[in-house]
Amino acid sequence: MEVQSSNNNGGGDHSSFSSLRVYLNSLSATPSRLSRRAVSVSTSADEMSRVRAVPGEEMRRTLRWYDLIGLGIGGMVGAGVFVTTGRASRLFAGPSIVVSYAIAGICALLSAFCYTEFAVHLPVAGGAFSYIRVTFGEFPAFFTGANLIMEYVMSNAAVSRSFTAYLGTAFGISTAKWRFVVSGLPKGFNEIDPVAAVVVVAITVIICCGTRESSKVNMIMTAFHIAFILFVVVMGFVKGDSKNLSVPSNPEHPSGFFPFGAAGVFNGAAMVYLSYIGYDAVSTMAEEVKYPEKDIPVGVSGSVAIVTVLYCLMAVSMSMLLPYDLIDAEAPFSAAFRGSNGWEWVTKVVGIGASFGILTSLLVAMLGQARYMCVIGRSRVVPFCFSKIHPKTCTPVNASTFLGIFTAALALFTDLNVLLNLVSIGTLFVFYMVANALIFRRYVPLQPTKPWTTLSFLALFSTTSLVFTLIWKLMPEGKPKAFMLGASAVVAIAMVLIFQCVVPQASKPELWGVPFMPWTPCVSIFLNIFLLGSLDAPSYGRFGGFSGLIVLVYLLYGVHASSDAEANGSFGLEDRQVLKELTEVV
């Protein structure tokens, strides 16, 4: 029996939170509400009209394709490339790191295609949350969206602390002088970084002023950053030696362009792929794009393509500067010039350039995280106040301010190593979910009667991809490993071929669609699972911990708030019809 109250809640008279007694009674109705709301799907029409108009004010459509390219480049070319390049080259790929970047760029482009199709046909600010909500339902959308927001907050806090380190490099000041230690706090949380907190607060103010204004600031900083990258590339070719592309400094180490073979190239690709994370934030700008069907494909795919070229050039430049076994895994570019007569000034330029890159990636990521929170607020599974759009700036000020303060607090107290152990897995998981959602949406009718064929295919293909990944990571080298890898690949390809021949597409996009269906999203699914297999145990520990917290929040708040919204008539006719059908099935 549903619990109702006479308290106003978004225009209706049903609230599960009007008093403690009512809330406790509502908790007893959790199973029935969960069975009805957890897989309740929204429709594209609702997301575009009714849900978007819920807060009253709407975001202003001011962005064009060149803004999206600038935001995409700014979001991707951050601090990651200055760390992952050296580590991947030194430990895994050697000079063939350029091939690793090309492979990772192709992976990113495949995921970007999946995002683009959704963004063109559903140009709202919710990004992956909205895409999964119209495909798999409310709880899967909340699970992925909330995990991604936490991923954004953690990574932004980590990146802002690294800004202090690079700024110190630029001015020749030790990082320790920018920070101070509080002895009463536990280790990992006792090194206070006021510069990082100030940077986060300043960017929060910028993104609250307006999206167009934020884009202009990003364009200026990105232009400086690209100029710096080109400078590093030129300096690498001028000072570098092509002999370093094949000859290590120590003759006992493996030599050649591929010193660690194919395995090294792919392991390197798994590591440097994290340098491409950031393009997904562009899809959250879709609600503010003037011509989504034209601008989004160019903006998202164009930014990934440009960044891939820049990364490959940087990789070649770094490999020419030093033999791979002398590259500094932590600071490859600045360390390459440190100690060289007459070239010390380049180290400071690297610090300045990296600082610009960090600021642009922070700006784009914080724009994206606020829009995720805004749209989740529209769905009522988090407090509705986060969905409010400021009437003058047309930006989600409440969401931006809340997440900005949260990020600044983490950046102020939390050590970089603690934060880095909490980053990455959520983003790859969301990419994986979006690729699955695209296949489901293409091959299952809008009102599915028999979705089990497609769901079974997705489950079996993911399982086969996981088996391939485990064999790659755990089995020792040899013929048995090669045979099992080949067998897994053949099974996966056969699955896709059979699915393509047996199951017809239920719908085809009218404006822009991912080419070579279902192969493109299937390759994206496989690669994301493969890259997930490269992450360490602390990452999975974080994922499990936050996943449990997200489920708890949904059970204690989200499902009851969205049930209230349903009772108050905040959901449209289509949603209620779907809910009725799902209830009958249950």
- Measure off, as a whole percent, the carbon and sulfur share of the 1.4 Å-probe accessible area of the range 59-444, all protein chains present. 70 percent
- Given 20 °C and 1.002 mPa s, how large is the Stokes-Einstein diffusion coefficient of the chain in µm²/s, with Rh as the Kirkwood radius over Cα pairs? 86 µm²/s
- Under 5 Å from the placed amide H of Leu63, counting only residues 5+ away or on other chains, we find Val289, Lys290
- Averaging sequence separations of C-alpha pairs under 8 Å and six or more residues apart, then dividing by the length of the range 266-405, give the relative contact order as a whole percent. 18 percent
- Message: Between Asp415 and Ser28, what is 0.36 nm times their sequence separation minus the Cα-Cα distance? Round to one decimal in nm.
- Response: 135.2 nm
- Report the longest stretch of the chain that contains none of the GluC sites (Glu not before Pro) sitting in a DSSP loop with at most 16 other Cβ atoms within 10 Å. 59-251
- Karplus 3J(HN,Hα) series, Hz, for the range 21-29 with 6.51 cos²θ - 1.76 cosθ + 1.60 (x for Gly, Pro): 5, 5, 5, 5, 5, 5, 4, 5, 8
- In the range 371-417, the trypsin sites (Lys or Arg not before Pro) that sit in a DSSP loop and have at most 11 other Cβ atoms within 10 Å of their own Cβ are Lys392
- Query: How many Å² of accessible area per residue for the range 59-444, probe 1.4 Å?
  - Reply: 32 Å²
- Message: At a threshold of 8 angstrom on Cα-Cα distance, excluding pairs fewer than six apart, so keeping six or more, what relative contact order does the range 59-444 reach in percent?
- Response: 40 percent
- Query: From the backbone phi of the range 379-394, what are the Karplus-calculated ³J(HN,Hα) couplings (6.51 cos²θ - 1.76 cosθ + 1.60, θ = phi - 60°) in whole Hz, Gly and Pro given as x?
  - Reply: 7, 6, 7, 10, x, 4, 4, 5, 8, 5, 9, 5, x, 8, 8, 6
- Those trypsin sites (Lys or Arg not before Pro) in the range 146-238 that DSSP places in a loop and that have at most 12 other beta carbons within 10 Å: Lys187
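The values are calculated or read from the model by the stated rules, or taken from the named source; none is laboratory data. As the structure is a prediction and not an experimental result, all values here were calculated from the model. Note: ideal-geometry Cβ built from the backbone for every residue, glycine included; neighbour counts use all protein chains shown. Quick note on the areas: whole protein, heavy atoms, side chains included, nothing else; ligands and nucleic acids left out. Shrake-Rupley method; radii C 1.70, N 1.55, O 1.52, S 1.80 Å.
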